[in-house]
Amino acid sequence: MSDNVSQDEAAAGSTHASSVRILILAVLLAAAWVLWSGFFKPLLLGLGVLSCVLTLIVVRRMGYLDKEVFAFHYNYRLLGFWGWLGKEVVLSSLDVAREVLKPNVKVEPRVVKIDAQDLSQGDLALLGNSITLTPGTLTLDVHDGRLLVHALTAEGAEALERGEMKRRVAALSNNVSSKSVNNASSK
């Protein structure tokens, strides 16, 4: 009997977590639709609600948010990561522009492998996308927890090999404080 009770509690907890994820997705979809469309006429708002509801139905039927890979498991540290990533994108953009605009272009493309087997699938996707978002680097392949990355310059490749971005992504979900991430990156 106690096994049935614990299974029921686990199922209820899973259903609750899935419902919360659906609710969060609904709010995000609605906010994105309103911000990106910029239209506030009743017909268009109704069509936006309809498109959000249809998306939620498809997502629910697929069981998309029931899988841990797609679960929202980041917390307030994600905002700090986005700020840091934004800064890196700007700095990298300036570096790439500086290299390309030099009279003697000194581009030294390299392909590096990054071992990220200790990251979850979601974190691996975040790392690969963050690398690709940063100008001068491109994630070519992700396989068995390893990323194959093209870097436009030797400095960009070395920065990836130092692992600052990987440590910051790992800190998002492993409850590692940003202070320890900063200390590890300064070594």
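The values are calculated or read from the model by the stated rules, or taken from the named source; none is laboratory data. Owing to the predicted nature of the structure, the values given are computational and were not obtained by experimental measurement. Neighbour counts are summed over all protein chains in view; Cβ atoms, including those assigned to glycine, are modelled from backbone coordinates with ideal geometry.
Farther than 30 Å from residue 65 by Cα, of a type in the set (Ser, Thr, Tyr) and at pLDDT below 95: does that describe residue 173? So residue 173 fails the test. Might you let me know whether segment 123-144 holds any residue that is free of Cβ contacts under 8 Å to residues at least 24 places away in the same chain and hydroxyl-bearing (Ser, Thr, Tyr)? Within segment 123-144, one or more residues are free of Cβ contacts under 8 Å to residues at least 24 places away in the same chain and hydroxyl-bearing (Ser, Thr, Tyr). For segment 94-114, a residue qualifies if it is part of a loop (DSSP other than H, G, I, E, B) and more than 27 Å from residue 142 (Cα to Cα), and the qualifying residues are 102, 103, 104, 105, 106.
Considered as a group, the residues in segment 127-163 that are assigned to a strand (DSSP E or B) and among the polar types (S, T, N, Q) include one that is nearest to residue 100 (Cα to Cα), and that residue is 137. Per this entry, residue 90 is counted among residues that are within 21 Å of the chain's Cα centre (by Cα) and loosely packed, with under 15 Cβ neighbours inside 10 Å.
Taking (1) surrounded by fewer than 18 Cβ atoms within 10 Å (Cβ to Cβ); (2) within 22 Å of residue 148 (Cβ to Cβ); (3) of a type in the set (A, V, I, L, M); (4) at pLDDT 90 or above in turn, residue 127 satisfies each apart from (1).
Apart from one condition, residue 122 fits all of (1) surrounded by 15 or more Cβ atoms within 10 Å (Cβ to Cβ); (2) in a helix (DSSP H, G or I); (3) at pLDDT 90 or above; the exception is (3).
Of the residues in segment 87-101, at least one is under 30 Å from residue 65 (Cβ atoms) and not assigned by TED's automatic domain parsing to the domain that holds residue 65. Of the numbered criteria (1) under 20 Å from residue 81 (Cα atoms); (2) buried (at least 18 other Cβ atoms within 10 Å of the Cβ), the one residue 151 fails is (1). For the structure I just gave you, tell me whether residue 112 is of a type in the set (A, V, I, L, M, F, W, C), modelled with pLDDT of 95 or more and not assigned by TED's automatic domain parsing to the domain that holds residue 17. When the stated conditions are applied, residue 112 passes them.
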